[in-house]
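Participant: To start, I am sharing the structure in question, which I have written as structure tokens.
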Amino acid sequence: MSGALNLVVCLRAPPPDPEGDALGRADALALAHALGLAGAAHKVTALLGGTSTEAGPLRLALGAGVDRAVRVAADELGAADFHTIGQVLAIAIRRIGADLILTGVRSDDEGLGAAPAAIARHLGVAYLPCVEEIAFVDGPAVEVVTRGGGRLRRLRVKLPAVLTIAAGPGPVTARAPRTGDAPPIEVIPLSDPESTVVRRRTELLGRPEPASRGVETVTSAAALVDALARR
Amino acid sequence: MNDRELGGPVVARLGCAGADKVLLCEGAGLAAPPLEATHGAALLAAVERVSPLLVLFPAGGGGLALGPSLAARIGAAFAGAADLEVTDAGPLAEGVGRVFLRRWRGGRAAYRRLDPVEIERPVVAILAAGAVEREAGTAEIDVEVVTCAVPQQTGVVEISSEADGDALVALSRVVVAVDPALGPDAVARIAAGAPSGVTVVDRDRAAAAIAASAPEILIAIGDVELPVMGTPRGRVGAIVVGDGDTAPRARAVDVLWRVPAGSTGEKLWGEIAKALSAFGTSAPARARTKTRAKAHE
């Protein structure tokens, strides 16, 4: 492998958490893969689209040892569809520069996992979902393990590429302690006409409907199965 | 998508299931498990032929690999796990369709109703496992072949391939995910009572397979944070050990059984295994699961 590669981990803005910063399990897996892959040889950038109050995952990523943390300042991403989120993140990734983009399997706030495909489309790079193992090989390329159609496959994927991570190497392991302070979170503002994209594309989410479902508490395994089977 | 002509029984089965026509994307390499790099262009060619309002993938099919990219390419809405709803409730408001999809919003806080007529865009969606197969058409249907060229320089090369030991997870009507912290015997003991159509797995070892699934019923034993939400019609159960910090997040589950700390072990696994046997699937569902598993071999 010649030269340092740039890895970008896309994190999603968490729902408001009164107990502090939060990193979703899917995002944590992506971050763990990135830090493990990068070691000391490559650079890792954590990227998030959202407001300053949603930057908690970036602080956690800095604590875990990423080299850069970048927030795309976009107030309206919470109400945007995956096309918009993908387009906005792709704009930021172009500015940052990336060889490998990793995201959690549920990458956007609606739990769709479709934003990575939109990122790949806007960047014009390969897209592979639900990856379980990754290793760098010469090329530059990665060898990944993924499953589908009843097969567990090892694939060689030429970089650049967007991968979503479905399983991981375990909990996030921080890199070696920094010698200095963590770098500040960088902010990429969206300038017109880019920002108009966010306002334009918010209709594909569909119509929200209330979900009136409570939790039924039971006291035996048989009652649990009975309650679940009831329609 | 296939690399050769479809067999008569396959076409007849699709016709009996309700298809009016089969669009067959035929090309070298298309019989392999789908990837966006190798199959995306072929699927897009087929979709552009018919300009559909809905593109539906079955659970355990190529939806995760192909659906998001297809939606990105055609400007569609996407639902990673959705219920297909058909309404026959009288005259509808102008611009509202009779067939629509419903999926969870993030965190199971509410639903999203995706009506392709209302949003004036197609919808690409993956359906839940466990739908009932029934005769809805005739075996005699047309097959239109879309000849697809082999994509050049896809950037993806297969190094090796083996049977996926967790392939049934995505096809199962009921998935039981067991926290590995409960010990190595828990999965085996609970699985011993599981009827066909019910798959019991170690939550961490099978994390990727669980993430790719949309079962009708999902049961988490132990830690209840799972990387899958299912569909609105689906149900989530949790068996939580102890109390206090192990409480599931609001709206994360529909049915909760809290067992005392220290009660885990052979007796509890036996009780759960016995209860799961009540899920004894209906004959058609059982047959379907076996058929799909065989098709994957």
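Participant: Would you point out the residue of the range B:194-207, among those that are of a type in the set (G, A, S), in a loop (DSSP other than H, G, I, E, B) and in contact with a strand residue (DSSP E or B) (Cβ under 9 Å, 6 or more places away or on another chain), that is farthest from B:M229 (Cα to Cα)? Reasoning before the result, please.
Facilitator: Applying the first criterion (of a type in the set (G, A, S)) to the range B:194-207 yields B:194, B:196-197, B:206-207.
Checking the rest, the ones that are also in a loop (DSSP other than H, G, I, E, B) come to B:194, B:196-197, B:206.
Pick out the ones that are also in contact with a strand residue (DSSP E or B) (Cβ under 9 Å, 6 or more places away or on another chain) and you get B:194, B:197, B:206.
On the way: B:A194: 22, B:G197: 19, B:A206: 16 Å.
Once the filter is applied, the top-ranked residue is B:A194.
Participant: Quick check: is even one residue across the range A:85-107 among the charged types (D, E, K, R), under 20 Å from B:A211 (Cα atoms) and surrounded by 24 or more Cβ atoms within 10 Å (Cβ to Cβ)?
Facilitator: Keep residues of the range A:85-107 that are among the charged types (D, E, K, R), which gives A:94-95, A:99, A:106.
Then drop every residue that is not under 20 Å from B:A211 (Cα atoms), which leaves A:106.
Retained after the next criterion (residues that are surrounded by 24 or more Cβ atoms within 10 Å (Cβ to Cβ)): A:106.
Scanning the range A:85-107, I find at least one residue that is among the charged types (D, E, K, R), under 20 Å from B:A211 (Cα atoms) and surrounded by 24 or more Cβ atoms within 10 Å (Cβ to Cβ), so the answer is yes.
Participant: The conditions are (1) crowded, with 16+ Cβ neighbours inside 10 Å; (2) within 14 Å of chain A (Cβ to nearest Cβ); (3) under 23 Å from the mean Cα position of the chain (by Cα), and B:A31 fails exactly one of them. Which is it?
Facilitator: (1)
Participant: From the list B:V123, B:V145, exactly one residue is at pLDDT 90 or above and away from every other protein chain (no Cβ under 11 Å). Which is it? First the steps, then the outcome.
Facilitator: Values: B:V123 fails: away from every other protein chain (no Cβ under 11 Å).
Result: B:V145 is the single residue among B:V123, B:V145 that is at pLDDT 90 or above and away from every other protein chain (no Cβ under 11 Å).
Participant: Among the residues of the range B:116-160, how many are in contact with a strand residue (DSSP E or B) (Cβ under 6 Å, 6 or more places away or on another chain) and without any contact (Cβ under 8 Å) to a residue 40 or more places away in the chain?
Facilitator: Total satisfying the criteria: 3.
Participant: Now for a separate question. What number of residues in the range B:242-260 are farther than 15 Å from A:V218 by Cβ, in contact with a helix residue (DSSP H, G or I) (Cβ under 9 Å, 6 or more places away or on another chain) and at pLDDT 75 or above?
Facilitator: Qualifying residue count, the range B:242-260: 1.
Participant: Tell me which strands (runs of 3 or more DSSP E) are completely within the range A:38-108 and hold 2 or more residues being farther than 25 Å from B:L64 by Cβ, or say none if there are none. Full working, then the answer.
Facilitator: Details: elements: A:43-50, A:68-73, A:100-104.
Result: A:43-50, A:68-73.
Participant: Considering only the range A:127-171, how many residues are assigned to a strand (DSSP E or B), at the interface with another protein chain (Cβ under 7 Å from one of its Cβ atoms) and over 16 Å from the mean Cα position of the chain (by Cα)?
Facilitator: Looking only at that region, the number is 11.
Participant: If you check B:G137, B:G130, which single one turns out to be crowded, with 16+ Cβ neighbours inside 10 Å, modelled with pLDDT under 90 and assigned to a loop (DSSP other than H, G, I, E, B)? It would help to see each step written out before you state the result.
Facilitator: Values: B:G137 fails: crowded, with 16+ Cβ neighbours inside 10 Å.
Exactly one of B:G137, B:G130 is crowded, with 16+ Cβ neighbours inside 10 Å, modelled with pLDDT under 90 and assigned to a loop (DSSP other than H, G, I, E, B), namely B:G130.
Participant: Could you identify the single residue in A:R71, A:R106 that is more than 30 Å from B:I159 (Cα to Cα), charged (D, E, K, R) and within 14 Å of the chain's Cα centre (by Cα)? Give the steps one after another, and end with the answer.
Facilitator: On the way: A:R106 fails: more than 30 Å from B:I159 (Cα to Cα).
The match here is A:R71.
Participant: Read through the list (1) touching a residue at least 24 places away in the same chain (Cβ under 8 Å); (2) surrounded by fewer than 23 Cβ atoms within 10 Å (Cβ to Cβ); (3) within 11 Å of chain B (Cβ to nearest Cβ), then give the number of the only condition that A:D67 fails.
Facilitator: Every condition holds for A:D67 apart from (3).
Participant: A further question on this structure: Taking the range B:58-83, which residues are surrounded by fewer than 20 Cβ atoms within 10 Å (Cβ to Cβ) and of a type in the set (A, V, I, L, M, F, W, C)?
Facilitator: Scanning the range B:58-83 gives a single hit, B:I74.
Participant: Looking for whichever is crowded, with 16+ Cβ neighbours inside 10 Å, within 11 Å of chain A (Cβ to nearest Cβ), in a helix (DSSP H, G or I) and more than 15 Å from the chain's Cα centre (by Cα) here; the options are B:I190, B:I210. Which one fits? Working first, answer last.
Facilitator: Numbers: B:I210 fails: more than 15 Å from the chain's Cα centre (by Cα).
Criteria check complete, one pass: B:I190.
The values are calculated or read from the model by the stated rules, or taken from the named source; none is laboratory data. Quantities reported herein were computed from a predicted structural model and do not represent experimental measurements. Cβ atoms come from the backbone with ideal geometry, glycine included; neighbour counts cover every protein chain shown.
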